[in-house]
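Asker: Mind having a look at this structure? Questions to follow.
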Amino acid sequence: MLFNVGVVIVCAGKGKRLGQDKAAIGLKGKPLFFRTYEIFKNIKQIKQIVIVLRKKHLRQAKKLINDKRVIFCEGGRERKDSVLNGIFALDESINYLLIHDGARPFTPKNVIVSIIKELKRNPAVICGIKSKDTLKLANKDFVVKTLDRNNIFLIQTPQGFKKDIIVKAYRNLKTKKVFDDAGLVELSGKKVKIVEGSPVNIKITYPEDISLARALIR
């Protein structure tokens, strides 16, 4: 069986918690979605890249990125709709894929390569870092219990999947409330492998994250 990997970069959010449109954030003269695209463009295992954006950013993106592997598509009403738009924009020859947050422009190459490598043996692979802090489960600001941090991972993207498995999970479980794409695969009964992520693989979510991102890119 051929092993053809594509990536869907989802950058169509409105940035409610950030207070501004994420895709338009400038990092050293280039918009955020471009910086995120750059981390994937030189990875030889990736055959195709889909960038999912709000309609108003599509023209700018097409001017900035001249890459035969890249397809641009418009985002949907919610993130899950944008993800599906991106998946269905991939060529039929793509049978494995990575789903990545457009707001994570610093993912190290070795993390991405590790996920791709594990995808050859597992139907779903995600990355994360172990918690260094003590974790408390709380209810109304009161501690219920202390969790064993040795078994806790802070999950990042990209997340990798066998294409038919993630498509089936989305079709069958799209209405379920989950916190990431892997959550749907978990609900479908498939095992999800975790590989080591990176502390620099930050997600730009709040205003203070912009300052950190600009410091990192310098």
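Asker: Could you figure out which of (1) more than 30 Å from residue 28 (Cα to Cα); (2) crowded, with 17+ Cβ neighbours inside 10 Å; (3) touching a residue at least 60 places away in the same chain (Cβ under 8 Å) isn't true of residue 182?
Answerer: If we test residue 182 against (1) more than 30 Å from residue 28 (Cα to Cα); (2) crowded, with 17+ Cβ neighbours inside 10 Å; (3) touching a residue at least 60 places away in the same chain (Cβ under 8 Å), just (3) comes out false.
Asker: Filter region 81-103 for residues that are in contact with a helix residue (DSSP H, G or I) (Cβ under 7 Å, 6 or more places away or on another chain) and either farther than 25 Å from residue 115 by Cβ or assigned to a helix (DSSP H, G or I) (or both) and give the result.
Answerer: 83, 84, 87, listed by residue number.
Asker: Here's a follow-up. Just one of (1) over 30 Å from residue 31 (Cβ atoms); (2) exposed (fewer than 15 other Cβ atoms within 10 Å of the Cβ); (3) out of contact with any strand residue (DSSP E or B) (no Cβ under 8 Å at 6 or more places or on another chain) trips up residue 206, so point out which.
Answerer: The one condition residue 206 does not meet is (1).
Asker: Another question, if that's okay. Against the definition (closer than 30 Å to residue 211 by Cβ and surrounded by fewer than 22 Cβ atoms within 10 Å (Cβ to Cβ)), how does residue 153 come out, yes or no?
Answerer: For residue 153, the condition - closer than 30 Å to residue 211 by Cβ and surrounded by fewer than 22 Cβ atoms within 10 Å (Cβ to Cβ) - is met.
Asker: Would a scan of region 3-25 turn up a residue that is over 24 Å from residue 108 (Cα atoms) and aliphatic (A, V, I, L, M)?
Answerer: No, region 3-25 contains no residue that is over 24 Å from residue 108 (Cα atoms) and aliphatic (A, V, I, L, M).
Asker: Picking from 106, 40, 33, 72, which residue would you name as being out of contact with any strand residue (DSSP E or B) (no Cβ under 8 Å at 6 or more places or on another chain) and either assigned to a strand (DSSP E or B) or not charged (D, E, K, R) (or both)?
Answerer: 106
Asker: Filtering region 43-68 down to residues that are assigned to a helix (DSSP H, G or I) and among the aliphatic types (A, V, I, L, M), which residue is farthest from residue 106 (Cα to Cα)?
Answerer: 58
Asker: A further question on this structure: Hey, could you check region 80-133 for residues that are crowded, with 18+ Cβ neighbours inside 10 Å and among the charged types (D, E, K, R) and say which is farthest from residue 47 (Cα to Cα)?
Answerer: Once the filter is applied, the top-ranked residue is 104.
Asker: Also, quick follow-up: Where in region 120-169 are the strands (runs of 3 or more DSSP E), entirely inside, with at least 2 residues that are touching a residue at least 60 places away in the same chain (Cβ under 8 Å) and of a type in the set (A, V, I, L, M, F, W, C)?
Answerer: Values: elements: 124-130, 135-139, 142-147, 153-162.
Strands (runs of 3 or more DSSP E) meeting the threshold: 124-130.
For every residue, the table says whether it meets (1) hydrophobic (A, V, I, L, M, F, W, C); (2) surrounded by fewer than 18 Cβ atoms within 10 Å (Cβ to Cβ); (3) closer than 16 Å to residue 100 by Cα.
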site: 5; (1), (2), (3): yes, no, yes
site: 22; (1), (2), (3): no, no, yes
site: 56; (1), (2), (3): no, yes, no
site: 63; (1), (2), (3): no, yes, no
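Asker: With respect to residue 101, determine if the residue is within 20 Å of residue 57 (Cα to Cα) and modelled with pLDDT of 95 or more.
Answerer: yes
Asker: Considering only region 170-179, how many residues are touching a residue at least 60 places away in the same chain (Cβ under 8 Å) and part of a loop (DSSP other than H, G, I, E, B)?
Answerer: Step one: filter region 170-179 for residues touching a residue at least 60 places away in the same chain (Cβ under 8 Å), giving 170, 174.
Now restrict to residues that are part of a loop (DSSP other than H, G, I, E, B): 174.
The qualifying residues number 1.
Results for (1) within 30 Å of residue 88 (Cβ to Cβ); (2) hydrophobic (A, V, I, L, M, F, W, C), shown as yes or no for each residue.
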| position | (1), (2) |
| --- | --- |
| 166 | yes, yes |
| 171 | yes, no |
| 178 | yes, yes |
| 184 | yes, yes |
| 187 | yes, yes |
| 191 | yes, no |
| 197 | yes, no |
| 202 | yes, yes |
| 210 | no, yes |
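The values are calculated or read from the model by the stated rules, or taken from the named source; none is laboratory data. From a predicted model like this one, the values you see are computed outputs, not experimental measurements. We place every Cβ from the backbone using ideal geometry, glycine too, and count neighbours over all the protein chains shown.
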